[in-house]
Structure formats: structure tokens, C-alpha cells
Amino acid sequence: MERVVVIANPVASQFTGGSHRDVMAELAKTHDVEAVWPGSASEATVNAALAVQDGVSVVVAMGGDGLVHHVAQALIGTNTALGIVPAGTTNVVARLFGIPSRHTRAAKLIGRDVVALSTGTARLTVARGDTETAHHAVFACGLGLDAEVVRVADADPYRKYRFGSLHYARSALGVGLKSFPSVKPHIDFSAEGHEKRGTSALVQFRDVYTYFGRIALRFSDHLPDPMSVLVLERLKRRRIPNIFFSALLHHDLDQIEGFEVWRDVKSLMFRADPPVAAQADGENLGLVDAGTIEWVPHSLLVIAGARPPGRFSD
């Protein structure tokens with residue numbers, strides 16, 4: 001039988017010992033299955049990389065979007081597929097790829113003879129002084145405003161665990177009303193045929209841009225091909241109510257003054273002085289000085305379910 005490794009996060013908000021046993025039992029019907037318990041996010045990536053080296057066919061992330069992100073880092077560019085059993089608060093990746101919310105149904109999907117979906121990811125190559133690192137985003141990435149929201153939300157892990165997307169929304173309002181309006185344009189952005197100096201950039205490469213749970217932001221009425229970039233010159237407090245209600249009502253953000261959408265982007269370059277906050281899949285990457293965000297087609301295999309209409313493969 002093919003091998004499957006289940007990497008689990010026991011502190012995820014919806015994780016229980018019983019659900020883990022159910023998943024292991026279901027997968028054991030069709031696969032040689034092994035459980036792994038990482039002690040940290042970086043250890044989850046290492047565990048996934050070891051599974052790839054051992055020729056494992058599927059590595060399952062049983063947890064929230066953070067665990068999915070860190071497991072996926074080791075699977076980029078390999079023949080090992082990513083399986084997901086959602087056990088977090090918002091489970092954005094699972095919903096985007098049509099994966100059932102119930103753990104038993106998600107496990108049955110992985111256990112079937114399903115052809116993995118080949119999908120693209122966004123590669124962030126970022127520099128901090130003399131240090132350069134690379135990260136892949138599975139569903140969203142950004143610089144400036146949304147990354148600052150992630151940083152503030154992560155500073156209160158209890159509320160993040162307890163309230164999920166509501167905590168993110170509250171953090172977003174706090175950042176928008178308090179600190180970010182004072183930030184002046186300090187980042188030079190450039191892409192094919194575009195240049196602008198601003199404070200933030202949000203990069204969309206799925207049908208929706210979201211890490212706020214069910215609040216799915218729409219950049220414009222054009223789907224990304226392969227990426228769309230929403231550049232914010234400067235955030236003004238008087239625009240915040242319009243932004244907030246546009247997000248809630250799924251209106252296009254490119255209609256708001258101060259926002260500019262670049263379409264059909266394959267690569268975005270940026271340089272910031274002072275450094276800017278960066279995020280990938282809602283994971284805080286810290287402050288960075290410069291870097292690129294590039295579309296990498298066919299870079300990840302995902303065991304996906306019944307997907308909504310739109311471009312999820314390359």
C-alpha cells in the first residue's frame with residue numbers, strides 16, 4: 001500500500017484526540033499510515049521534507065491554515081501531494097479547494113483513488129539586510145497593511161485561537177484606525193508595465209483574496225491571470241468605512257479612491273525604506289527590505305474536493 005504521513009497540530013481549535021483516531025482509522029483502510037507530532041511550525045516543515053525523501057505519496061496536514069502553509073513548503077516542486085484535514089478556526093485553504101469540513105469526510109477524500117490537482121503558488125523571495133529567504137503562499141500574500149494586521153493578531157494568540165476571523169477583523173479595524181493612516185508611502189513597487197510608490201500591496205492568485213475566514217475580498221471583476229496586485233498608496237481614515245463595507249458586501253476594491261489594481265502580473269518587485277511587514281497565507285514573515293513575488297505554475301499537488309467555479313489549476 002502507498003504510504004501516507006499525517007502531520008497533526010493538537011492545539012488547533014477544532015482538533016480532538018477522537019477526531020485524530022477517526023482519521024488514522026479511515027486512512028488505514030487504504031494506505032500504510034503514520035502519525036507525526038511536530039513540536040513547532042519549522043519542525044512540521046522538516047517532518048514533511050523527510051516524508052518526501054522517504055517517497056511518501058501524500059502528506060496530510062491536520063490542523064489550521066498555519067500548519068497547511070508550513071507543510072506545503074516542503075512539498076513544493078515534488079511528486080508528494082498535500083492532503084488536508086481541516087481542524088483550525090477558519091480553514092481557508094480547505095474551503096478554497098472544496099475539502100469537506102468534517103474530518104471523517106476529509107479523510108475519506110484522501111483515502112480514495114483521487115488524482116491530485118496540480119496548482120500554482122506564489123513564491124516570495126524576501127531580503128532582510130544581507131539575509132534572503134524564500135516562502136511559498138498557497139492562497140494569499142501581502143505587504144504592508146494586511147501583513148501588519150497579521151502581526152497584531154498574532155500578538156494575542158488566545159484571542160486568535162478563541163475568536164478566529166472576528167479577531168482578525170477587530171485587529172484590522174484597530175490597525176486601520178490607529179497606526180496605519182500615519183504611514184507615508186515608502187515602498188517602490190514595479191511589475192510588467194507598472195510602477196508606483198505606496199504603503200501596501202495585496203497579491204491575489206485565487207478567485208478570492210482572504211485570510212479573514214468568510215470575509216472574501218474582491219479586487220475587481222477580473223479573475224487573476226495569473227496574479228492581480230492591489231496597491232494602496234496611502235490609507236486615510238475617512239475611507240475605512242467604505243473599505244469595510246465593500247469587503248463585507250464583496251464589492252470590488254478597485255472602485256475605492258487610493259486603490260489601484262494591476263492585472264495579469266507574473267512577477268512583482270518591491271523595495272522598502274523603512275522595512276515593511278510581509279505575510280504569506282496569514283503567516284507573519286517579519287519586516288523585509290526588498291524582494292519579489294512570482295507566480296510558480298504547477299508547483300504543488302493538492303488532494304482537492306468538489307471545487308467552486310474558477311481557476312485553481314494552471
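The values are calculated or read from the model by the stated rules, or taken from the named source; none is laboratory data. Every value quoted in this text rests on a predicted model; they were computed, and no experiment measured them. Here the Cβ is made from the backbone with ideal geometry for all residues, glycine too, and neighbour counts use every protein chain on show. Accessible surface is based on the protein model in full, side chains and every heavy atom, while ligands, DNA and RNA are left aside. Shrake-Rupley method; radii C 1.70, N 1.55, O 1.52, S 1.80 Å.
For region 183-207, a residue qualifies if it is surrounded by 17 or more Cβ atoms within 10 Å (Cβ to Cβ) and basic (Lys, Arg), and the qualifying residues are Lys196, Arg206. Only residues that are open to solvent by 30 Å² or more (accessible area, probe 1.4 Å), in contact with a strand residue (DSSP E or B) (Cβ under 8 Å, 6 or more places away or on another chain) and not basic (Lys, Arg) were counted across region 1-13, and they come to 3. Remark: Ile7 falls outside the filter, which requires a residue to be within 21 Å of Ala140 (Cβ to Cβ), touching a residue at least 60 places away in the same chain (Cβ under 8 Å) and of a type in the set (Val, Ile, Thr). Listed by first and then second residue, the pairs with beta-carbon distance under 6 Å, at least 6 apart or on different chains, first residue in region 32-57 and under 15 Å from Val68 (Cα atoms), second open to solvent by 80 Å² or more (accessible area, probe 1.4 Å) and outside any helix (DSSP H, G or I), form an empty list.
Mind listing whichever residues of region 105-122 are in a loop (DSSP other than H, G, I, E, B) and either at pLDDT 95 or above or within 22 Å of the chain's Cα centre (by Cα) (or both)? Result: Ala116, single match. Do we have any residue at all in region 157-177 that's part of a loop (DSSP other than H, G, I, E, B), modelled with pLDDT under 80 and either of a type in the set (S, T, N, Q) or open to solvent by less than 50 Å² (accessible area, probe 1.4 Å) (or both)? The answer is yes; a qualifying residue exists.
Within region 14-71, the set of residues being modelled with pLDDT of 95 or more, of a type in the set (D, E, K, R), surrounded by 20 or more Cβ atoms within 10 Å (Cβ to Cβ) and over 13 Å from Ile110 (Cβ atoms) is empty. Selection within region 247-306: residues that are of a type in the set (D, E, K, R) and under 15 Å from the mean Cα position of the chain (by Cα). The member of this set that is nearest to Leu75 (Cα to Cα) is Asp281. Of all residues in region 74-104, those satisfying the criterion of being open to solvent by 10 Å² or more (accessible area, probe 1.4 Å) and assigned to a helix (DSSP H, G or I) are Ala74, Arg95, Leu96, His103, Thr104. Residue-level analysis places Ser220 outside the set of residues that are modelled with pLDDT under 90, in a helix (DSSP H, G or I) and surrounded by fewer than 23 Cβ atoms within 10 Å (Cβ to Cβ).
Could you tell me whether region 117-126 includes any residue that is over 16 Å from Ile303 (Cα atoms) and either surrounded by fewer than 18 Cβ atoms within 10 Å (Cβ to Cβ) or among the small types (Gly, Ala, Ser) (or both)? Yes - at least one qualifying residue is present in region 117-126. Please go through (1) surrounded by fewer than 21 Cβ atoms within 10 Å (Cβ to Cβ); (2) modelled with pLDDT under 95; (3) outside any helix (DSSP H, G or I) for Arg151 and return the number of the only condition it doesn't satisfy. Result: Arg151 passes all but (3).
Evaluated against (1) part of a helix (DSSP H, G or I); (2) closer than 18 Å to Thr119 by Cβ, Val23 falls short on exactly one condition, (2).
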